[in-house]
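All remarks here apply to the structure that follows.
The values are calculated or read from the model by the stated rules, or taken from the named source; none is laboratory data. In this text, all values refer to a predicted model and were calculated from it rather than measured experimentally. Neighbour counts run over all protein chains shown; Cβ positions are idealised from the backbone, glycine included. Ligands, DNA and RNA are stripped out before the accessible areas are found, and what is left, the full protein with its side chains, is counted by its heavy atoms. Shrake-Rupley method; radii C 1.70, N 1.55, O 1.52, S 1.80 Å.
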Amino acid sequence: MSAAALERQIRPIYDAIDTGSNKSAIVGCNKLLKKYPKNDLLKALKALALVRSQKVEESLVFCEEVLASKPTDDATLTAMMHVLRHLGRHADTVTMFEDALKRQPGNEELAMQTFFANVRTGNWKAGQQLATKLHKQFHADRYTYWSIMCAVLQASDSTTPANMRDLLFKLAHRLVTSAWNFTELHADRLYLHVSILKALNLYDDAQTLLESEQGQAICSRSLACDELRREIWKAKGLLQEEGKIAEERIVEKRDRNWLEFLSFLDATVPPSPQSASNGTGLSTYEETPQRIIHAREVLTNVAEKDGTRDRSGLLALLELEQRVRAHSLSSEPSRLVDLLLQYFETFGDKAACYEDLKPYITLDAEELSRWTSYLDGLPRSSSTLSSLQRLINIYKLTRYNLPTSELTVELEVPRATKLVQEYLDALPLGKDLPNTELQPADDLAILAGQVYAGLYSLAGDEAYLHNAVAVLEFASKRSPQSYLIHLQLVRILRLLGAPQPALEHYRLLNVKQVQNDTLSHYVLNRASSFSLAATGDLTYASECLESSQIYISNSQEVKIGNSQPASRRANVRQTAEFIVRAFTGEKYSQIPDFISFEDRLDNSLQRDLVKMEHVRMRITHEPINSELINLELIELKFIFDRFHHDNRDFEILPKYQPHGQPSFLTQTTLLGKQPSLGWLWVFLKIYIKALQQASDMDYSLEEKLLIGDRPKQSAASDIHIPMEERLDSRRPEELAELTADELTFYNFTTDLADWLAPYHNHTRPPPSVALAEATKQLESKSGLPPKAVEAPASNGTGNGHVKKAEDAPPVKEGPASIVGFFDHMHKRFDALVESNGSLPEILHVASLAQEALLLFSIETLRFKNASLVKIHKLGALVQNIKTIRSSALAVVGEIGAELIKIGESEGTSEKRRAFVSQCEPFLSDLGVSDSRHIPREATLTGALQITHGDVLDVAKKVTDARKKAAEGFGKGIGRVCAAHA
Amino acid sequence: MSIIRPFRATDLFTFNNINLDLWTETYGISFYLTYLARWPDLCCVQAAPTGPLMGYILGKAEGTSTDFHGHITALTVAPEFRRLGLARSMIAFLERASDDTYGGFFVDLYVRCTNAVGISLYEGLGYSVYRRVREYYGSLGLGPGGKDEEDAFDMRKPLSRDPHRRSVRPNGRDMIVSAHDVS
Ligand SMILES: CC(C)(COP(=O)(O)OP(=O)(O)OC[C@H]1O[C@@H](n2cnc3c(N)ncnc32)[C@H](O)[C@@H]1OP(=O)(O)O)[C@@H](O)C(=O)NCCC(=O)NCCS
């Protein structure tokens, strides 16, 4: 066979694979394999085409053959690398390259690939050794740096014991010292070098390096190195030196990076006397007054020169004054307010003014009155963009300093109305802007929205939320791109129990990619009580899945059915490729960030909060059977081992409430409690416990049937504590995140599980039976036979061995608390309805009652098996279960029926009328609030007024949505009751 | 109060206030990591001292011989922090790195022909139109705007290695090329 001829014939196969024509690639491979049945490359390509067409099982046959032949040629190795990546078999990739390298030790490309294979699996130790070898053999400098980087990464890994860390940093230090080249200007090498010195507290060495010509040259153009330098200087207490550098940069180079101003100010006077005393080098306290005078001069100069071009000079003067006052060194008490006035004069027409001044406007009574009367005395107009922005800032700044005594309903209502009026008055300014632009007046509507939210939390009257929705919906039409308006609406509509329009506004934000992780909490927080999945409406359930795509696509190509445990993670990590790239390009400064980014995304709290909500929705509409139980159990247990990171973005909503008051975000938190890690932990415990009892899997089998790896465990988690103990633990900080109703529910599930545990444990089939069952399931899912597993010998110990019937634990009556729970929830529900409780609260109680019924079903599923009951003589238990079930069904069913009634009372014309009349204060047309639609054109000023018609539309939207939420949930409950009767 | 510091991978968790703006695209994670893994010194953010991001710039270095240059891929400032000179200072940062670190001959960028603010910003900083690229952008689907919306100006500014300003030309707006002739 001629190699060239073969190569020619193979090319079309590559083309087919590249273009995704896997079928024709397979055909091509088959044809050539007839001629060259032993050719590894062909087999590898066929395996790749197969795995890409989801034919995992078939692919494995070829995959194993190729691996067994220990290939060394580049093409085969590359193809196999892709195959194994698809399968999530990273450890095998490493082994394959290592084997190849053993056979061709002089092949540099192969050695590099082996190194990268280790990098992809995060195997820093092996990577370090290999890079050292590479350097010995091929002498390129970068291999030394690779090995240094690997040592640092190994040292920083949370699983590395503390005593090893120091050793590894010392190793890295030794390597970097001998490799260091004093003439090259390599920013990332310097970064790595200095970060090692920093980790070892070798600040003097770091300083010397950074002060060298080389160091200075690099720092002057690398933000990353300069950042590190700043930290070293700070740690060394080189405040004065740093201040000098900063002053020079500010004055000579006109650098306006605020970091320079901070350094300059730190050298002048520390932020507070406390920070001065903890030893950061301001030994010469006597010189402080001179330094202050000097700084004031420098900064005044900067401010004058910069004028309106840059605000740093003025802000630095403010910061200086604030610090001077903190040290009681102020000679001219009026200076702070002078500066505030000056700032407002100069930059009052910038949108950033409020955020800029916030840190400096906590004033004493006298100053406050001067500042406030200044603001009060300013001309107020919205005739130009600049005056409008000033007006907005005046409102924001004034509001910030409102004392609690002035936050009464009587005073806040006119403030809100006034803001709406100002908003409407300012609208003409933006009337010619295309609707892709934000309206300059938007902030006034946003402010009004916050005042109304404040009123709601003050008085508890939903009318204020109606006001907010009316104004914000109007504003949203004028400024469809304003994400702040959409987000405020999402918050308020959910509070009103109108999940559908809330979701619509959320979707208008066009949340994409990684934003799903940080923003989905705005709609998916406690979404299960808004989910109508039980009626077949999967809107919220699919929202959960869609928002979770980002986690899967970051670790894409992973198909279940990986039969070999990889060394660390089962998935292909997209981020890993970039870590490899950063090594290739020697961008060492990026690598730790990439790793931390990946960790935060993989172990995102929101990811698992959504997962939990999804499970809660799922069980309302899917049949509860062993497949669902086992799959969810495995997944939830994975989550239970994670160390979570909270990436949720709570900062994006502006904070316009007065200083010291709860923020808009807090005021609009559903049920007043934000589910976080503690909430997740409780629900994981509830579900894992129930599913575990219901499941036939035992630990050892589960371990063997696992798809891929367990997630990386953190050293900080309490993972070493036995599972049962962790499931039983109750921590106050976790309970604190629950609503009172959730706590009741938690107690119910605990009592239920405790009651039934002995019967589950007694009747659970032996592992061999469970294994056969699980194997069958896995096979039907993935088309792949799981690895051969020996059922553990039934030696009479352990969970689930066959017990004789006479061992059966005596049947005990279900504790009163179980039946009591349902009665209690019924009373809670009725009380809420009677007292006109909010719809989300009513739905919350209803959904927990339904969830309790579902968990009861999960817990008792096993005892529906008549022959099992007979063998184990559990008839009395089953009788008891039946009694409880029927009373639970009665209660839950009634709640459902009442919800339908509530739904009917929503969406009526009276409700709409009431809504509209609540908004009367800011309506333009004084028509009676009937349901007659007044066309917009009929009003004089056209779209620049809020009309009855506008509000009526909104009222309809909200009340219809409430109707749907209540009625739909009620109907869903009906279905659930029927399915679990 | 704006701090200039390197763009970090973890900034993707906090850039919502910037990226929810209509004119700022949110790409897949690999887009950002591609830039950071190769040109971290051409990327930076502006942030408040307390953490929140205000704006960022992402750039790259590309081209060969006298075509070697810095490129502004993304430049954006959150609406509430506009008109404070943040964009100006980030552009200056990128120009300096393109000049000093990379030794590029010029900096260039693409901007929608309809983005008047963008164009005037760049013109004010010494950039000029080098050519007009047909259908460089997808339509925003926002109604009339037509060609201008999809066409891009390729704008350039020479750096110190191009003292004779060979990388720019005076009548660039009339030089029309199609999208496949570039990038
Ligand atoms: C374009 C954009 C980045 C400008 O950011 P910025 O920080 O507000 O800009 P700067 O404050 O640095 O402005 C510098 C100069 O540009 C011009 N400019 C900026 N915004 C302007 C506007 N809205 N109207 C008129 N001129 C403007 C001015 O000349 C300004 O100097 P000046 O304020 O001293 O008069 C910002 O508006 C933005 O993020 N837009 C959306 C994304 C985008 O279009 N990016 C550019 C395409 S690559």
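Quick notes on this one:
- Per the accessible-area calculation with a 1.4 Å probe, the total area buried between chain B and chain A rounds to 4500 Å².
- Once both labels are positioned 7 Å from their Cα atoms along Cα-to-Cβ, the gap between A:ARG103 and B:ALA92 label points is 6.1 nm.
- Based on Cα contacts under 8 Å between residues 6+ apart, the stretch B:1-104 shows a relative contact order of 27 percent.
- Here is the P(r) of the stretch B:111-183: all C-alpha pair distances, binned every 10 Å from 0, give 20, 47, 27, 5, 1 in whole percents.
- Between the stretch A:573-588 and the stretch A:447-496, the alpha-carbon centres lie 45 Å apart.
- A loss of 30 Å² or more of accessible area (1.4 Å probe, protein heavy atoms, ligands and nucleic acids excluded) relative to the isolated chain is seen in these residues of the stretch B:43-92: B:PRO79, B:GLU80, B:PHE81, B:ARG83, B:LEU84, B:ARG88.
- Of every Cα-Cα pair in chain A, the percent that sits beyond 45 Å: 48 percent
- Accessible-area composition of the protein assembly as shown, carbon plus sulfur, in percent [1.4 Å probe]: 54 percent
- Shown for the stretch B:1-104 is the translational diffusion coefficient from the Stokes-Einstein equation, using the Kirkwood radius over Cα pairs, a temperature of 25 °C and a viscosity of 0.890 mPa s: 176 µm²/s.
- Members of A:LYS611/A:LYS870; A:LYS512/A:LYS685; A:LYS170/A:LYS253; A:LYS418/A:LYS655; A:LYS133/B:LYS60 lying beyond 27 Å, as alpha-carbon distances in this model show: A:LYS611/A:LYS870; A:LYS512/A:LYS685; A:LYS170/A:LYS253; A:LYS133/B:LYS60
- The charge dipole of the protein assembly as shown, taken about its Cα centre with unit charges on the Cβ of Lys, Arg, Asp and Glu (plus for the first two, minus for the last two), comes to roughly 2900 debye.
- Per-residue surface analysis assigns A:ASP18 an accessible area of about 120 Å², computed on protein heavy atoms at 1.4 Å probe radius.
- Look at where the Cα atoms of the stretch A:334-361 and of the stretch A:165-203 average out, and the two centres are 45 Å apart.
- Average partner coverage of B:19-27, which counts Cβ from other chains inside 10 Å: 5
- Accessible-area value, A:ASP425, 1.4 Å probe, nucleic acids and ligands omitted, Å²: 90 Å²
- Average other protein chain Cβ within 10 Å of Cβ, residues A:298-311: 1
- Taking other residues whose beta carbon is less than 9 angstrom from the beta carbon of B:MET1, and scoring Lys, Arg as +1 and Asp, Glu as -1, yields -2.
- In the stretch A:3-175, inverting the average of 1/r over every pair of distinct C-alpha atoms gives 17.5 Å as the Kirkwood radius.
- Between the alpha-carbon centres of the stretch A:651-665 and the stretch B:65-144 there is a gap of 35 Å.
- Over chain B: Kirkwood hydrodynamic radius from C-alpha pairwise inverse distances, Å: 16.9 Å
- Solvent accessible area, Å² - A:GLU98, 1.4 Å probe, full protein context: 70 Å²
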